[in-house]
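Read through the structure below, which is laid out as structure tokens, and then see the notes.
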Amino acid sequence: MRKIRELLRLKFEQRLSDRKIAVVLSMSRSALGECLQRAAIAGVVWPLPEGLDDAELERRLYPSKPRPTEIPWPDFAHVHRELSRPGVTRQLLWQEYKAQHPDGLQYSAFCDRYRQWLAARRRARDALCAPRRREVLRRRLTPLAFCRTRSAGAQVPSAASV
């Protein structure tokens, strides 16, 4: 549990310095300053009202953050097509995306998600093309005993029999 009540008591009733309060409560002076600043913003004064318990005091000083809204993802197929055009960069496409969606992804997240999309696209393509590639490799690696040439009509021995 946070030491908010004790901090406020030491500051306003005992009139101790921030440095002494930090030592007594075993906390940093920056954390102490932040807590006092939050108390001032929340309008919390000493002595605390009678019905104010520690949980309510903490809720006043540390309100829950609003849940983030659903962030719209860019159309990465469009991004991929646009990147093939000369002079188009990821930075430029991200700026266009941010103009349309101000609460959207930041640049680094935009690039990370694009790389993930591209990797998934490649994996899907490779899964579709793998059987064809295996067939081509099998044909290339199958040793032939003899090759016949139509023009000479002679039999040419394969590299394995020489």
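For every residue, the table says whether it meets (1) modelled with pLDDT of 90 or more; (2) not charged (D, E, K, R).
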residue: 47; (1), (2): no, yes
residue: 59; (1), (2): no, no
residue: 62; (1), (2): no, yes
residue: 66; (1), (2): no, yes
residue: 69; (1), (2): no, yes
residue: 76; (1), (2): yes, yes
residue: 80; (1), (2): yes, yes
residue: 83; (1), (2): yes, yes
residue: 88; (1), (2): yes, yes
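Does residue 107 qualify as being among the aromatic types (Phe, Trp, Tyr) and in contact with a Pro (Cβ under 7 Å, 6 or more places away or on another chain)? Considered against the rule, which asks whether it is among the aromatic types (Phe, Trp, Tyr) and in contact with a Pro (Cβ under 7 Å, 6 or more places away or on another chain), residue 107 comes out as no. Out of everything in the stretch 1-25 that is touching an Asp or Glu at 6+ places or on another chain (Cβ under 8 Å) and of a type in the set (A, V, I, L, M), what residue ends up being surrounded by the most Cβ atoms within 10 Å (Cβ to Cβ)? The qualifying residue surrounded by the most Cβ atoms within 10 Å (Cβ to Cβ) is 4.
The values are calculated or read from the model by the stated rules, or taken from the named source; none is laboratory data. Given the structure is predicted, the values throughout are model-derived calculations rather than measurements. All Cβ positions, even for glycine, are placed from backbone atoms using ideal geometry, and neighbour counts span all protein chains on display.
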